[in-house]
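Okay, structure first, notes after.
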Amino acid sequence: QAKASGDRYLFYTRQMTASVASKLSLENQLRHALDHGQFVLHYQPKVNLVSGKITSVEALIRWNDPHTGLMLPDQFIPVLEETGLINEVGRWALHQAAQDYLRWLGNGLAAVRVAVNVSPLQLRHRGFITEIAQVVAGDPRLAAGLELEITESLIMADVRHSILSLQAVRAMGVSIAIDDFGTGFSSLSYLARLPLDALKIDRSFVIDMTTSQQGLSLVATIINLAHSLKLTVVAEGVESEEQLRLLRLLGCDEMQGYLFSRALPSEEFETKFLAADAGG
Ligand code: C2E
Ligand code: CA
Ligand code: CA
Ligand code: CA
């Protein structure tokens, strides 16, 4: 009896050790990835539903691992957050997006913005506001050009601090979008107090919109709520003409999704959308 529970104990310990070890090695790999330029940003446009023009371009990180190939953020962002490496990787993404953006402007891109995703940990990090200030100070066009996307759940986790940080960032001219809206538990009074410019409706609502009347009225309600707060509404993950038609009908301002374009490598984005843009 005693032996059996002893074995079990040993078994659990070994398992835990294995999982700690694999996390450690992933952490090392991610550190290595950052130091060796293996992270890349892909870019997905947001489009105005009335003019059909690109308004903003979202930077989405990928890890180009020489052994595994291109990995999506869901596979490594959680580990970056657990290890605190997200602060450094987030800083890298911010600077890289700013650099790509300035190059596009130099190559004739019209006045659009570049949107960067910000992790909860970054927003809470002491140096965050200084970091944004430094990026913006690097080129005057970045003040109006930069947009930060922050998930609803994280803003709400620490509302008072979020309001102060976001106010400081917004005072520099940078825009703020609340990301994945509808998946968290925002209270309406907080939502009204947050210094926001845009609200992104989570893809799950866009999917439900075409399958049930309830789903449709939920999206209508979110759009009306956002408009009453003077926010630009962006629908995420738009894949079909039917979704697009309904979003137009409901007065949604902008859309983002595979229907218009997937996230593309910087050069591909440039050849596909800059050339078209420069042509008129
Ligand atoms: P998100 O910010 O909600 O980004 C939207 C995700 O939906 C992206 O996935 C995008 O490629 C995908 N998507 C866009 N249009 C469609 C569509 O029509 N259909 C479908 N099925 N998917 C679509 P991705 O690139 O895998 O990013 C996943 C999440 O990782 C992002 O969700 C964001 O929360 C996070 N993330 C990405 N880049 C960064 C970053 O630089 N920093 C931080 N902290 N998080 C990031
Ligand atoms: Ca986002
Ligand atoms: Ca989102
Ligand atoms: Ca999402």
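Annotations
- Calculated FRET efficiency, Asp208 to Ala111, Cβ-Cβ distance, R0 = 30 Å: about 0.30 to the nearest 0.05.
- Amide H partners (placed H, <5 Å) of Leu264, local residues excluded: Tyr43, Gln44
- Only Cα pairs under 8 Å and 6+ residues apart enter the sum, and on that basis the relative contact order of the chain stands at 18 percent.
- Under 11 Å, Cβ to Cβ, from Ser204 - net charge with Lys/Arg +1 and Asp/Glu -1: -3
- Cα-based helix-to-principal-axis angle, 128-138 vs the chain, degrees rounded to 10: 50
- When you filter the GluC sites (Glu not before Pro) in segment 213-280 for DSSP loop state and at most 13 other Cβ atoms inside 10 Å of their Cβ, nothing is left.
- Scattering from segment 113-246 was approximated by placing one identical point on each alpha carbon and applying the Debye formula without solvent; log10 I(q)/I(0) at 0.13, 0.18 1/Å stands at -0.57, -0.98.
- For the chain, lysine pairs separated by 8 or more sequence positions, or belonging to different chains, with Cα-Cα distances below 28 Å total 8.
- Prolate/oblate/rounded call for segment 39-122, Cα gyration tensor, a/c under 1.5 rounded: prolate
- Antiparallel bridge percentage (DSSP; both residues within the chain; nearest 5): 40
- Sites Ser228 and Tyr190 - FRET efficiency at Förster radius 22 Å, r taken between beta-carbons, to 0.05: 0.90
- Added length on full extension, which subtracts the Cα-Cα distance from 0.36 nm per residue, Thr83 to Glu239: 52.7 nm
- Two-decimal ratio, segment 27-185, of alpha-carbon radius of gyration to 2.2 N^0.38 Å: 1.04
- At full extension, Asn48 and Leu26 could sit 4.0 nm farther apart than now, given 0.36 nm per residue minus the alpha carbon distance.
- Here the extension length gained between His95 and Ile163 equals 22.1 nm, from 0.36 nm per residue of separation less the Cα-Cα distance.
- In segment 57-192, a dipole from Cβ-located charges (positive for Lys and Arg, negative for Asp and Glu) runs towards its positive end, and of Ser175, Ala157, Ile86 it is Ser175 whose Cα lies farthest in that direction.
- Put simply, the amide H of Thr232, placed in the peptide plane, has neighbours under 5 Å in Ala198, Leu199, leaving out anything fewer than 5 places away on its chain.
- Net charge over other residues, Cβ less than 11 angstrom from the Cβ of Ser51 (K, R count +1; D, E count -1): -1
- Spread over its residues, the convex hull of the C-alpha atoms of the chain is 177 Å³ per residue.
- Where trypsin sites (Lys or Arg not before Pro) in DSSP loops with at most 16 other Cβ within 10 Å are excluded, longest remaining stretch of the chain: 127-229
Bear in mind these aren't lab numbers, they're just calculated from the coordinates by the rules spelled out. Values in this document were obtained by computation on a predicted structure and should not be read as measured data. Reconstructed Cβ throughout: ideal geometry from the backbone, glycine too, with neighbour counts over all protein chains shown.
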